[in-house]
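Below is one structure, written out as structure tokens, with a few remarks after it.
Values in this text are rule-based calculations from the coordinates and carry no lab data. Keep in mind the model is a prediction, meaning the values are calculated, not measured. Here Cβ is always computed from backbone atoms with ideal geometry, including for glycine, and neighbour counts include all displayed protein chains.
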Amino acid sequence: MTDKFVVGPSPHVLGPKTVKSVMWEVVIALAPVSIAGILLFGLDALLVLVTATVTAMILEALVLHRNLKPASILGDGSAAVSGLILGLILPPSTPLWMVVIAAAVGILLGKHAFGGLGNNIFNPALVARAFVFMSWPVAMTTWHGPLSLSDWTTRVSVDVASSASPLGGAQHGLMEMFLGQTAGSIGETSALAILLGAIFLIVRGHIDWRAPLGYVGSAAVVAAIYSFLGGDFALTTIAWQLMAGGLLFAAVFMITDMVTSPVTKTGRLLFGIGCGLITMVIRLYLSAPEGVTYGILFMNAMVPLIDRYTVPKVFGEVKSR
Amino acid sequence: MSEYGLFMIFFAAAFFNNFVLIQFLGICPFLGVSKRVESSLGMGMAVLFVMTLASLITWMLHEFLLFPLGLDYLRTITFILVIASLVQFVELFVQKASPTLYKALGIFLPLITTNCAVMGLAIMNVTEGLNIIQTLVHALGAAAGFTLVLVMLAGLREHLEIHDVPKPLAGVPVALLAAGILALAFSGFVL
Amino acid sequence: MKAALRMIFVLGLIAAVAGGALAGVNAWTAPIIEENTATRLQETLASVLDADEFELQEDTEQTLWHGYRNGELMGYVVRLRVGSYSPAGIDTLVGLDTEGNVQGVFIFGHSETPGLGDKIEEKWFLEQFIGLGIGDDIARGVDVDGITGATVSANAVMTAVRNSVRFVGEYAGLIDEPGIINLADVPDGTYTGTARGFIDNIVVEVTIEDGKLVSVVVIEENETASYAGPVYDQLPQAMVDEQKIDVDIVSGSTGTSQGLINAVKDALAQFATGDIEIDQLAGGIYRGEALGYDGKIVVEAEIVDGQLVAVTVLEHNDTPGIGGVAFETMIERLLAAQTLDVDAVSGATHSSQGLLDALKDAFRGAPRIEISRMEDGTYFGEAESFGGLLKLKAVVADGQLVSVEVLDHSDTPSYANPAFEEMIEDLLAAQTLDVDLVSGATISSQGLLDALKAALGSAPRLDLSQVPDGTYTGRADSFGGELELEVTVADGVITDITVVSHSDTPDYANPAFEELAETVVDEQDIYVDAVSGATISSRGWLSALEEALRQAVTD
Amino acid sequence: MFGKELIRGIYTENPVFRLLFGLCPALAVTTAADTGLGMGLATTTVLLGSNLVVSLLKNVIPPAVRIPSFIVIIATFVTLVGMTMEAFFYPMFEALGIFIPLIVVNCLILGRAEAFASKNTLGRSLVDAIVMGIGFTISLGLLGAVREILGSGSILGFQLVPGTVDMALVFALPPGAFISLGLMLAALNYIAIRRKEA
């Protein structure tokens, strides 16, 4: 099981790649957002990230190896990645016991119930987030503003009053949004940190550009149409929509997940477009402030169908069965 | 009703109040027929056909016969008879008119009699006081939502079949878990 | 063939038995169900409005019940359906008191998503509407909280409550035409206003110069800076630039924007125009001011018995030749028309409009009753007091309140009588209505004061007790011509009234005269209602009677 | 004898967990244990009635009109149960809502009429209805109990967990229904597999 190779066609067969090496490189790519999140939200954020990651790794070890030896806890790193991503998409003020439940739901229900790595249909971190959001909607929509420099020089963790996230109506300049000085989930606020991670993944050849491009592109188009219809069309509006909420983080770290996205190239583009459309429709036209989680979960379920209808005809294949 | 347009009725029935995932109507065929994408599509089409016809007929029966005569207590019995005979009739008709269509839909038609989504839809149309056009749109939305999730689940189950699902979960349990997560995604339309 | 017949027969038999069984059970359960439904409806209605009897109104735009307790109208219950996710929407029941304040909200039915939409039925959510009324926004984040996870359903309920309040407001005539603030009408000055923003009250100072809005300053607020900042930056500037109050709100900060706009409106509310109905005004003297052609116009207007009886311009700077004549003409028109809706004097539009604005300003305030300016005579008035109606008589002579006498009341005597005595003593000493209430019997004292206000706000009436014994003759115009009657007073009591001559149709008039005479003698009150069917003859008769007795007093 | 039948209804041929019958009401009305039990009892009543009549008439009804006859009989009992509930158990009637008339399309009832009552004696048919009804009721009550405990920390309205503890609301919502049932089926499968191996 541990050595199971992720099913995924070229273009990234550059050398001997194992699940393990890929996963640990993803962890490196997640470092900028994690650090940014901790700098922005303080000790709370650090505790959430550590709790999520450790819980996920321990549970993975228990499921796969039925022991807690260091080697099995470290495993192939996939649990660490899922746990860390889960932590990054939770509000910094999430009670730690909820983080533990979320990680358990992600690893057990999202991943191993479907047969573990490579078989899971839904992104485990998103299953976990949707589950806890629906279970404790109040706690999960209580956002805290970022810490200022003076907060850090006085003490590490302060009781920050709850404040609105950009999608909840807070008004921020684009620069604040780019740096991440807004209320939101730990890893989702700083576009800068996300882009650093993205550059690393692209340079290392771990992500295919199609899904993210389809995602961000379709979201931008919907935002443009919406603002055009609303009579206040501006590039800044589109940039704002793209940087708000979890859209960029999802574009780089979630819809690129090889296991839960289509294998065909066209499929990935379609997958990204679908995620973008649903996310934006939920955001702009329905009542929920954020649609990233639901958009991607919905499209995860479409992956087998997308693959089915976009698989290139193998030469000589007889039509239909 | 003015602020509640036909568009909304359609989308509510298909997504926000999806008949299968949110209202739990038509679970039996949802689990029973969702093993193959093709058969799911066939079932979806058959359901669309029967739902639309049944909705219109039961609506008229209620509006022009049962309600004016104060025979509302015969609703369940008349509606189920209408649906059952409609299914029979459609089966015979399709068999004669289009053998190809019959080949595609035939085996699913009898199953529809006990599909509670059809009966539930017919009852909802009259208890919620929809007019005939709203009834039609409601039926189309319900059928679209039913077909969508049926096909999605079929895709997932085909995928799961070729992967190692833990033994106790194989089959219906994992399909239910997938349906649960799908329901989580659909709930996002409401939250 | 036989098999087919058998099939039809068996199936038919089963259907017939089934139908029969259903009809039987239906006949048995239907009345129970109906009764249960009716009981539940009454119970449900009673859960939103404290009343014990509900009456469904016919032909109303929305389903509406009147709620009564002991025959007294306690308020209204409105049933509204608002669209949400489900085709049927949310069926709400909102109970409101007679002032249009929400007394209770009940979700009569909904087909929202189980679990999510169900939350709109939670107690904390529905209870937060109680007490809100016509003046409130009833909006999420303003005066009620939404529900996380069921935003759309919760918003639908808020809309339902808001619409119910508005519907009852219109139905019961509680909502006045919204006033329009014309900045040009506002006298120079700085005005302060308060309104609720997104989080807390916003207080503004609005400065008007030369009929122009020159600044809007927020002096107190507690909004979230990131939301409110742009609002404070943009809206006041926009108001000054556009010279209007209803400027576009800042999207994303609706609550704060609307709060700021409302606060400005509140500051200038006293200058809003609206329909003023003179016959609805309480008696008394009203004073108001407005800008005329050249500076301030100050007017005083007197209302007696719902009639505008005098308008005096106390102060003005308008060109004496033009302004003065215009004022005179306008006052004549006003007194004749008994409405503020009169044409301006051509050539002196500004002065005319100024006078009207000053009057509007005056009537928007409370009237003042100046005893020193009251006509001599006896005044009768009544008002609601602690235990019921309180009737009193007040005598004014030489601009002095000389006596106040409680004629009838239902308050607890041991509390009320000493209070009345004390009040009357104070009133006579102060010669103004602005006296303190008697502590421990504030409601009774207030009742006395209200009755006195009502009395002095009406025309003086004849006091029978002052009529010396004798027989008097009175004349007045009636339906067919002059009517003459004789009235006999003995020992301070009217004993007999006889019509001497009249030219009214005898068939109608004679019975009416007889009836009136009987009532007056019985009640010893000459201000009785006219006999229906012979109203004009009755009025003639009553005028002649008053004329006769008035002469007796003056002689 | 009856004990064996009872085990068949509750475990080996449990209508919900084994035969996957009546899943719509099983998922829809089990937001709490009491509605689950109410639905189970209503269904059991209909099942008893239809099994009784079908078994009595099994020799009278010509095979060609078997299904329509069964549907009429079942629909009649469903309506009777509905009327009685509306008159005397209104809160439960309201809580179960549309799923009361939908008992008519519950595969369990038509299935038992067709597969059992039309071929067996009155006594056996009644026993079958009772045990199947009990099995159905227990399943719904169990599922309702699990969802009520996880979703609101109470059972039959009795608070088990202090109200201050936030339970996982999702179990009271549609996704929780699917997930709970899925996990319960998996648990039963797990037991079965273990038993087979042992």
- prompt: In degrees between 0 and 90, to the nearest 10, how far off the longest principal axis of chain C does helix C:413-430 point, with axes built from Cα atoms?
  reply: 50
message: For Cα pairs less than 8 Å apart in space and 6+ apart in sequence, what is the mean separation divided by the residue count of chain B, i.e. the relative contact order in percent?
response: 43
message: Residue by residue through D:52-60, how many Cβ atoms from other chains fall within 10 Å of the Cβ on average?
response: 1
- request: Would you work out the relative contact order for the range A:209-309, in percent, from Cα pairs under 8 angstrom that are 6 or more residues apart?
  value: 36
query: Summing -39500 (n - 2.57) over the DSSP H runs of n ≥ 4 in chain C and dividing by its residue number, what mean residue ellipticity at 222 nm do you reach, to the nearest 500 deg cm²/dmol?
result: -12500 deg cm²/dmol
field: Gained length - D:LEU19 relative to D:THR164, 0.36 nm times residue gap less alpha-carbon distance
entry: 48.3 nm
message: Just to confirm the number: angle between the C-alpha axis of helix C:151-171 and the first principal axis of chain C, 0 to 90 degrees, nearest 10?
response: 30
- prompt: Per residue Cα convex hull volume for the protein assembly as shown, in cubic angstrom?
  reply: 270
message: Can you show me the helix-derived [θ] at 222 nm for chain B, built from DSSP H runs with n ≥ 4 at -39,500 (n - 2.57) apiece and divided by the number of residues, rounded to the nearest 500.
response: -22000 deg cm²/dmol
message: Which one, D:ILE193, D:SER180, D:LEU142, projects farthest toward the positive side of the charge dipole computed for chain D from Cβ point charges (K/R +1, D/E -1)?
response: D:ILE193
statement: Ordered by fewest other Cβ atoms within 10 Å, a rough proxy for footprinting exposure, D:CYS107, A:CYS275, B:CYS116, D:CYS24 read D:CYS107, D:CYS24, B:CYS116, A:CYS275
task: Between beta-carbons, use under 15 Å as the cut-off and find the net charge around C:ASP507, counting Lys and Arg +1, Asp and Glu -1.
output: -3
- prompt: For the range D:18-83, what's the relative contact order in percent, using C-alpha pairs closer than 8 Å and at least 6 residues apart?
  reply: 32
message: Suppose each label sits 7 Å from its Cα in the direction of the beta carbon; what would the C:ARG287-C:ASP522 distance come out to in nanometres?
response: 4.7
message: Give me the one-decimal nm value for the distance between modelled label points at C:SER346 and C:GLN243, 7 Å along each residue's Cα-to-Cβ direction.
response: 2.7
field: Dipole of the range C:278-364, positive end: most advanced residue of C:GLY354, C:LEU334, C:ALA301 [Cβ charges, Cα centre]
entry: C:GLY354
query: Mind checking which lysines have their C-alpha under 18 Å from A:LYS20, skipping anything on the same chain fewer than 8 residues away?
result: A:LYS4, A:LYS69, A:LYS111
query: Hey, got the dipole for chain B? About the Cα centre, +1 on K and R Cβ, -1 on D and E Cβ, debye to the nearest 20?
result: 380
query: What order do you get for A:TRP97, C:TRP28, A:TRP240 when you list them from fewest to most C-beta neighbours inside 10 Å?
result: A:TRP97, C:TRP28, A:TRP240
- line: Fewest to most Cβ atoms within 10 Å: C:SER372, D:SER152, D:SER139 sort as C:SER372, D:SER152, D:SER139
- prompt: Which is farthest toward the positive dipole end of the range C:371-456 among C:TYR379, C:SER439, C:SER414, measuring Cα position about the Cα centre, with Cβ charges +1 (Lys, Arg) and -1 (Asp, Glu)?
  reply: C:TYR379
message: Let's see if you can work this out: charge +1 on each Lys and Arg Cβ, -1 on each Asp and Glu Cβ, no other charges. What is the dipole magnitude of chain C about its Cα centre, in debye to the nearest 20?
response: 2840
message: What's the magnitude of the charge dipole for the protein assembly as shown around its Cα centre, counting Lys and Arg as +1 and Asp and Glu as -1 at the beta-carbon? Answer in Debye, nearest 20.
response: 14500
message: Can you give me the distance in nm between label points at C:ASP469 and B:LEU69, each placed 7 Å from the Cα along the Cα-to-Cβ direction?
response: 8.8
